[in-house]
Amino acid sequence: MSNRLSIIIYSCWKNRDMWEVFSQLFQKYWKNCPYQVLLVTDEYHETDKQSVFTKIIQNDDTWARMIKKAIEAAQTPYVSLWMDDYLLCDYVQNNDIEKQLERAIKYHAANLRLTESPTCHGHWQRHKNIGYYKRGRAYSFATQIGIWDSSFLENTLQDEWSAWDFERIASLEKGGNKAEDKQPLLVALDYEFPYEEGVRKGKWMQQGQKLCRRNGITIDTKVRPVMTNMEMAKIYFQGAVIDWNADLVVKVQNLLAGWRKK
């Protein structure tokens, strides 16, 4: 196992049906993964299902505290945050990940994203294959698969935060050019990590269903139904709106969330 990077999978007992699907695809597409894979969940009981998890962390708490607990258990200087519905859809080469890890180390990156989503703000120090995100802008912090500096992430997370807070609130709050220069938020422009978001709001997205079918994995649509064409169209529309003006959308979302709390 590598002593430089760990993979943290955030989940919950309610979503345990995803663990076997996740593991089957992971074992197929990244069989020789050199990094420990930690599952952090609110509850866990032994099952006879196959899994790729090398360590289980039980912590029934907020998302932020659960991630902090997993970082502590990982004990590696870098971690990669995943959700249980981030499903591998093609083969992963270790040298590709090591190349990106070396970049993160070289440029002291707080985060090096492995998928450009949303569009980055430009090239980092004129490197044509590395982009960057401006702090204080929408989705400058994201749960997209990437490589995080463990210390930075642990010190940044506020205990009460959800993953939603991390992406939509922390992104706009954590501004500052000095911090940006010291530990930039980067993205690889010459590599895209091969995964699909398989589930959203408790339902299979159509690409997740197709991925499972292609790999001979049977899913129980009575337990977790598949989204309709209309539901998928709504997701694509929301994505297009965010691409149009992510800052405006996130500020409105934060405002509405604040009103609901009141």
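Do we find a residue being β-branched (Val, Ile, Thr), out of contact with any Ser or Thr (no Cβ under 9 Å at 6 or more places or on another chain), assigned to a loop (DSSP other than H, G, I, E, B) and open to solvent by 30 Å² or more (accessible area, probe 1.4 Å) anywhere in region 103-110?
So far as region 103-110 goes, no, none of its residues is β-branched (Val, Ile, Thr), out of contact with any Ser or Thr (no Cβ under 9 Å at 6 or more places or on another chain), assigned to a loop (DSSP other than H, G, I, E, B) and open to solvent by 30 Å² or more (accessible area, probe 1.4 Å).
Can you tell me which of Ile7, Ile67, Ile97 is open to solvent by less than 70 Å² (accessible area, probe 1.4 Å) and part of a strand (DSSP E or B)? Give the derivation first.
Values: Ile67 fails: part of a strand (DSSP E or B); Ile97 fails: part of a strand (DSSP E or B).
Selected residue: Ile7, the only one of Ile7, Ile67, Ile97 that is open to solvent by less than 70 Å² (accessible area, probe 1.4 Å) and part of a strand (DSSP E or B).
When you check Ile130 against the structure, is it modelled with pLDDT of 90 or more, closer than 22 Å to Glu98 by Cα and surrounded by fewer than 21 Cβ atoms within 10 Å (Cβ to Cβ), yes or no? Break it down into steps so the answer makes sense when it comes.
On the way: modelled with pLDDT of 90 or more: yes; closer than 22 Å to Glu98 by Cα: yes; surrounded by fewer than 21 Cβ atoms within 10 Å (Cβ to Cβ): no.
No, not satisfied.
Restricting region 191-217 to residues that are touching an Asp or Glu at 6+ places or on another chain (Cβ under 6 Å) and of a type in the set (A, V, I, L, M), which is surrounded by the most Cβ atoms within 10 Å (Cβ to Cβ)?
The extreme case among them is Val199.
List the residue pairs whose Cβ atoms are under 6 Å apart, where the first residue sits in region 122-141 and is among the β-branched types (Val, Ile, Thr), the second is in a strand (DSSP E or B), and the two are 6 or more positions apart or on different chains.
Ile130/Trp124; Ile130/Leu186
Tell me the residue from Thr115, Thr156 that is at negative phi and within 15 Å of the chain's Cα centre (by Cα), please. Full working, then the answer.
Values: Thr156 fails: within 15 Å of the chain's Cα centre (by Cα).
Only one candidate passes the filter, namely Thr115.
Please verify whether region 113-121 includes one or more residues that are open to solvent by 60 Å² or more (accessible area, probe 1.4 Å), more than 14 Å from Tyr133 (Cβ to Cβ) and without any contact (Cβ under 8 Å) to a residue 40 or more places away in the chain.
Let us first name the residues in region 113-121 that are open to solvent by 60 Å² or more (accessible area, probe 1.4 Å), namely 116, 119, 121.
Keeping just the survivors that are more than 14 Å from Tyr133 (Cβ to Cβ) gives none.
Looking through region 113-121, none of the residues is open to solvent by 60 Å² or more (accessible area, probe 1.4 Å), more than 14 Å from Tyr133 (Cβ to Cβ) and without any contact (Cβ under 8 Å) to a residue 40 or more places away in the chain.
Tell me, yes or no, whether region 26-43 has at least one residue that is basic (Lys, Arg), in contact (Cβ under 8 Å) with a residue 24 or more places away in the chain and under 30 Å from His108 (Cα atoms). Break it down stepwise before answering.
Here is the first cut: in region 26-43, the ones basic (Lys, Arg) are 28, 31.
Now restrict to residues that are in contact (Cβ under 8 Å) with a residue 24 or more places away in the chain: 28.
Checking the rest, the ones that are also under 30 Å from His108 (Cα atoms) come to none.
No, there is no match, as no residue in region 26-43 is basic (Lys, Arg), in contact (Cβ under 8 Å) with a residue 24 or more places away in the chain and under 30 Å from His108 (Cα atoms).
Exactly one condition in (1) more than 22 Å from Lys49 (Cβ to Cβ); (2) open to solvent by 10 Å² or more (accessible area, probe 1.4 Å); (3) modelled with pLDDT under 95 is not met by Asp220; state its number.
It is condition (1) that Asp220 fails.
From the list Thr76, Thr54, Thr47, Thr41, exactly one residue is open to solvent by 60 Å² or more (accessible area, probe 1.4 Å), in contact with a strand residue (DSSP E or B) (Cβ under 9 Å, 6 or more places away or on another chain) and hydroxyl-bearing (Ser, Thr, Tyr). Which is it? Quick ask: steps written out before the conclusion?
On the way: Thr76 fails: open to solvent by 60 Å² or more (accessible area, probe 1.4 Å); Thr47 fails: in contact with a strand residue (DSSP E or B) (Cβ under 9 Å, 6 or more places away or on another chain); Thr41 fails: open to solvent by 60 Å² or more (accessible area, probe 1.4 Å).
The unique qualifying residue is Thr54.
Any residue that is modelled with pLDDT of 80 or more and either assigned to a loop (DSSP other than H, G, I, E, B) or not aliphatic (A, V, I, L, M) (or both) - is there at least one of those in region 236-245? Break it down into steps so the answer makes sense when it comes.
Taking region 236-245 first, the residues modelled with pLDDT of 80 or more are 236-237.
If we keep only those that are either assigned to a loop (DSSP other than H, G, I, E, B) or not aliphatic (A, V, I, L, M) (or both) too, we end up with 236-237.
Yes, because at least one residue in region 236-245 is modelled with pLDDT of 80 or more and either assigned to a loop (DSSP other than H, G, I, E, B) or not aliphatic (A, V, I, L, M) (or both).
Against the conditions (1) open to solvent by 60 Å² or more (accessible area, probe 1.4 Å); (2) farther than 28 Å from Asp61 by Cβ; (3) touching a Gly at 6+ places or on another chain (Cβ under 8 Å), where does Glu173 fall short? Just the number, please.
Result: Glu173 fails condition (2) only.
Within the bounds of region 199-211, is there any residue that is out of contact with any Lys or Arg (no Cβ under 6 Å at 6 or more places or on another chain) and among the aromatic types (Phe, Trp, Tyr)?
Pass one, region 199-211, residues out of contact with any Lys or Arg (no Cβ under 6 Å at 6 or more places or on another chain): 199-203, 205-211.
Filter once more, keeping what is among the aromatic types (Phe, Trp, Tyr): none.
Checked against the condition, which is being out of contact with any Lys or Arg (no Cβ under 6 Å at 6 or more places or on another chain) and among the aromatic types (Phe, Trp, Tyr), region 199-211 yields no hits at all.
The values are calculated or read from the model by the stated rules, or taken from the named source; none is laboratory data. Just so it is clear, the model here is predicted, and its values are computed rather than measured. Neighbour counts are summed over all protein chains in view; Cβ atoms, including those assigned to glycine, are modelled from backbone coordinates with ideal geometry. Accessible surface areas use protein heavy atoms only, side chains included; no ligands, DNA or RNA. Shrake-Rupley method; radii C 1.70, N 1.55, O 1.52, S 1.80 Å.
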